[in-house]
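The structure appears below as structure tokens.
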Amino acid sequence: MMREIEIDEANNNNENKGGMWDLEQKLDQPMDEEAGRLRNMYREKKFSTLLLLRLAYQSLGVVYGDLGTSPLYVYNNTFPHGISDPEDVIGALSLIIYSLTLIPLLKYVFIVCRANDNGQGGTFALYSLLCRHAKIKTIPNQHRTDEELTTYSRSTFHEHSFAAKTKRWLEAYPFRKNALLILVVVGTCMVIGDGILTPAISVLSASGGIKVDHPKMSNDVVVVVAVIILVGLFSLQHYGTDRVGWLFAPIVLLWFLLVGGIGIFNIWKYDSSVLRAFSPVYIYRYFKRGKRDGWTSLGGIMLSITGTEALFADLAHFPVSAVQLAFTVIVFPCLLLAYSGQAAYLIKNTDHVADAFYRSIPESIYWPVFVIATLAAIVASQATISATFSIIKQALALGCFPRVKVVHTSKKFLGQIYIPDINWILMVLCIAVTAGFKNQSQIGNAYGTAVVIVMLVTTLLMTLIMLLVWHCHWVVVLIFTVLSLMVECTYFSAVLFKLDQGGWVPLVIAAAFLLIMYVWHYGTVKRYEFEMHSKVSMAWILGLGPSLGLVRVPGIGLVYTELASGVPHIFSHFITNLPAIHSVVVFVCVKYLPVYTVPDDERFLVKRIGPKSFHMFRCVARYGYKDLHRKDDEFEKKLFDNLFTFVRLDSMMDGCSDSDEYSLSGQQTQHSRDYNGNSSTSNIELSYSSMDSIAPIKCHPQVTSSITSSGHESCQTEVDELEFLNRCRDAGVVHILGNTVIRARRESKFYKKLAIDYIYAFLRKICRENSVIFNVPHESLLNVGQIFYV
């Protein structure tokens with residue numbers, strides 16, 4: 001029999017939870033007081049007008065940089081062979097107007113952004129929402145206690161509802177779960193492609209302004225300038241955006257005001273009749289006149305909505321209302337004016353389409369606009385690179401990406417991270433694309449392919465979100481899905497015509513990352529399944545006796561495992577090959593859940609394995625996909641704090657029967673001394689556990705009194721065990737990690753042998769070791785090697 005106690009160190013987060021006791025302990029927070037205040041106000045959805053305006057202003061620099069720099073290259077990519085008829089400009093402008101209205105404004109800003117996971121956006125955030133509402137996670141390491149987390153929010157629905165039918169349909173076959181995961185991974189790979197192509201096209205387009213003022217300058221000079229800017233941009237990533245982030249919002253705001261103002265000036269100066277493009281009839285005339293060329297030009301039109309996915313991926317730290325306000329008041333009107341102004345200029349100067357943006361700038365402000373355009377392109381690139389880091393971190397947490405180093409660049413904001421390996425890969429690929437194509441047109445074709453595929457993935461995921469999470473009527477879901485797919489498939493069909501003109505680039509990049517991510521996830525799942533099937537039975541452990549058939553030497557052994565329940569195979573392998581084991585053994589499971597964060601006060605779950613004389617425990621450390629396992633987290637100290645608290649409270653329960661008819665209800669506060677003699681108050685949830693299944697204990701009032709009456713008897717036991725644990729901790733702590741090698745069986749098919757024995761083995765060899773991820777000191781590390789045949 002085992003008892004589990006969920007240790008909750010919060011000071012007031014769980015005041016309304018029954019069966020909980022308060023722990024008055026102050027923990028260091030990852031955000032400063034101001035950021036914490038904004039975050040709390042965000043959660044409560046209570047914003048003053050002034051605060052909302054401030055957040056809307058700040059969101060400009062983080063969310064809208066990529067979308068805002070599109071006027072630099074849209075018309076050039078729409079008319080790569082020149083303008084044959086000035087009326088085509090009106091048709092193209094009409095397409096841009098309605099594209100901006102339907103996709104960024106209606107679909108993303110007012111619908112998709114509402115599907116955020118506690119403020120987090122992106123494809124993996126949508127997937128995490130779905131994982132909480134249906135059992136579709138391919139690594140089944142969740143426990144029902146995980147659903148009691150304060151951040152594990154989910155809605156319920158009637159078992160006969162359409163949502164319940166959809167849930168059962170998804171859960172019915174593993175193939176459907178894998179297909180959904182592949183869909184999410186494809187979207188993620190395309191976002192990574194955006195992280196390569198956005199800096200390339202934005203910086204190259206901005207640098208092209210040099211050549212406009214100096215027509216005889218070689219295009220190679222522009223490419224060299226763009227490459228220098230890109231090298232500088234990626235080289236400064238390790239500093240993070242915390243120090244210069246305050247500059248982003250004013251730069252982007254100034255950029256929007258400039259392009260909007262220039263647009264008004266050009267409309268007034270050249271041709272105000274371009275405003276007739278707000279009539280959709282010109283779209284029909286454009287396609288009728290252009291036919292196939294008009295259809296393929298949609299690949300260039302679509303660049304006007306690039307950055308929309310980054311808008312959703314960079315949603316963190318800003319409430320949806322602030323993002324909506326910034327778009328409707330600043331971004332949308334300024335973009336419409338910018339495109340309308342360029343159209344007015346092009347009607348009178350059709351031969352200037354190759355450099356439409358810079359040619360349309362009044363000469364007196366040309367160089368100031370060039371500087372702001374370059375800065376805006378850098379901000380847009382930074383936003384996309386940060387979004388790429390963020391989504392790779394999410395993929396890493398959900399077991400879909402090889403282990404890489406993740407650096408936290410800000411002490412104030414949890415979401416600001418830097419991944420060195422990915423940064424240099426992005427830089428090399430970005431420079432290769434810039435120097436290889438040397439022109440905006442082919443890069444634009446590649447960019448369009450990546451963006452439209454991400455939009456299609458988001459539409460399919462949103463269909464499930466609307467059914468499972470929002471419980472929308474199936475007719476509403478059908479209308480949303482059909483309208484979205486009609487628009488996006490239209491763009492996708494146009495992009496397919498340009499695969500041989502640069503559109504193949506994101507497909508190759510995505511295919512490479514898809515192979516890496518899926519093989520890594522496949523190997524991880526196979527290893528987890530093998531460990532689940534080869535768990536050591538409790539009967540075998542109990543049969544060994546308290547000494548486990550070995551010499552118990554002083555010290556504490558922390559055995560790391562991916563299993564959240566049961567004794568891992570590595571333990572039996574260890575004790576059958578070595579003659580001694582530590583006096584105290586703690587099985588440590590670090591697992592990531594489909595939530596954006598796990599509060600520090602709810603991070604650890606501790607339980608005892610076997611009788612007290614065995615001195616064996618399990619500690620499960622739970623993280624969200626935005627959480628970081630950092631060196632300054634004092635992970636080991638927090639683990640022992642929770643372990644000692646568990647022992648103290650477990651001793652108090654000795655008077656309780658093991659029958660599941662007993663329960664401790666209501667709130668009580670138990671003051672006791674920790675292992676250093678300091679007074680503390682512990683917040684716990686008591687539950688009865690039989691092997692791996694946990695069921696709440698129901699405790700009658702007389703049992704509560706029996707606990708009190710037996711307090712004197714359990715006090716000595718508590719002190720003895722705490723003193724024993726203290727002595728073992730002073731004797732030394734050893735971290736035992738399994739160096740597991742998996743191999744495909746001889747009878748396995750060729751593709752499985754290729755995936756496991758070569759690709760997965762190569763990825764395991766070049767990725768970071770678990771000891772580095774867990775920050776284990778080398779002097780206290782013990783690796784146990786074993787081979788699994790899957």
Length gained if W246 through A539 is fully extended, taking 0.36 nm per residue and subtracting the Cα-Cα distance, is 99.4 nm
Summing +1 per Lys or Arg and -1 per Asp or Glu among the other residues with Cβ less than 10 Å from E562's Cβ gives +1
Calc'd 3J(HN,Hα), segment 501-507, phi into Karplus 6.51 cos²θ - 1.76 cosθ + 1.60 (θ = phi - 60°), Hz, glycine/Pro = x, comes to 10, x, x, 6, 4, x, 5
Taking the square root of 5λ for each eigenvalue of the C-alpha gyration tensor of segment 57-501, the equivalent ellipsoid has semi-axes, largest first and in whole angstrom, of 37, 26, 19
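Expressed in nm², what is the orientationally averaged projection area of the convex hull enclosing the Cα positions of segment 119-190?
On the way: hull surface 22.4 nm².
Its Cα hull, projected and averaged over all orientations, spans 5.6 nm².
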Taking only C-alpha positions in segment 127-254, Rg and Dmax in angstrom work out to 23.8, 72
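Please compute the net charge surrounding A380, taking Lys and Arg as +1 and Asp and Glu as -1 over other residues with Cβ under 12 Å from its Cβ. Don't jump to the answer; show the numbers that get you there.
Details: positive: none; negative: D66, D194, D314.
Net of charged neighbours comes to -3.
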Projected area averaged over all directions for the convex hull of the alpha carbon atoms of segment 54-112, nm², comes out at 5.0 nm²
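Please state the shape class of segment 407-471: rounded when a/c is under 1.5, otherwise prolate if a/b exceeds b/c and oblate if not, all from the C-alpha gyration tensor.
Working: a/c = 3.76, a/b = 1.22, b/c = 3.09.
Since a/c reaches 1.5 but b/c is at least a/b, the shape of segment 407-471 is classed as oblate.
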Looks like segment 236-307, by Cα gyration tensor root eigenvalues a ≥ b ≥ c and the a/c under 1.5 rounded cutoff (else prolate when a/b is bigger than b/c, oblate otherwise), is oblate
Residues of segment 444-480 with backbone N under 11 Å of the label point set 7 Å from the Cα of S161 along Cα→Cβ are 467-473
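I'd like the carbon and sulfur percentage of the solvent accessible area for segment 347-398, probe radius 1.4 Å, heavy atoms only, ligands and nucleic acids excluded.
Details: 1000 of 1710 Å².
Here carbon and sulfur together make up 58 percent of the probe-accessible area.
Assigning unit charges at the beta carbon (Lys, Arg +1; Asp, Glu -1) and nothing else, what dipole magnitude in debye, to the nearest 20, does segment 57-501 show about its Cα centre? Before the final figure, lay out each step's value.
On the way: 31 positive and 24 negative charges, 168 e Å.
Here the size comes out at about 800 debye.
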Quick calc, K288 & D500: beta-carbon distance into FRET formula, R0 35 Å, rounding 0.05, result 0.85
Under the 7 Å Cα-to-Cβ spin-label approximation, F278 and W367 lie apart by a distance in nanometres of 3.9 nm
Each label sits 7 Å from Cα toward the beta-carbon; between E529 and W169 the label points are separated, in nm, by 2.6 nm
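Between M217 and V476, what FRET efficiency follows from the Cβ-Cβ distance if R0 is 51 Å, with the result rounded to 0.05?
Calculated transfer efficiency: 0.40.
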The answer for the net charge of residues other than K393 whose Cβ lies under 12 angstrom from its Cβ, with Lys and Arg +1 and Asp and Glu -1, is +2
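Report the gain in length on full extension from K612 to L257: 0.36 nm times residue separation, minus Cα-Cα distance, nm rounded to one decimal. Can you show the working numbers first?
Numbers: separation 355, 0.36 × 355 = 127.80 nm, distance 7.00 nm.
My answer for the length gained is 120.8 nm.
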Burial-style ranking of 778-790, 288-300, average other-beta-carbon count within 10 Å with highest first, yields 288-300, 778-790
Full extension between S493 and A761 adds, at 0.36 nm per residue less the Cα distance, a length in nm of 92.6 nm
The ³J(HN,Hα) series, computed from each phi in segment 97-114 with the Karplus coefficients 6.51, -1.76 and 1.60 at θ = phi - 60°, rounded to the nearest Hz and given as x for glycine or proline, is 4, 6, 5, 5, 6, 6, 8, x, 6, 6, 6, 7, 5, 9, 10, 4, 4, 6
Expressed in angstrom and rounded, the centroid-to-centroid distance over alpha carbons for segment 538-571 and segment 250-271 is 70 Å
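The values are calculated or read from the model by the stated rules, or taken from the named source; none is laboratory data. Since the structure is predicted, the reported quantities are computational estimates derived from the model, not experimental observations. Neighbour counts run over all protein chains shown; Cβ positions are idealised from the backbone, glycine included. Accessible surface areas use protein heavy atoms only, side chains included; no ligands, DNA or RNA. Shrake-Rupley method; radii C 1.70, N 1.55, O 1.52, S 1.80 Å.
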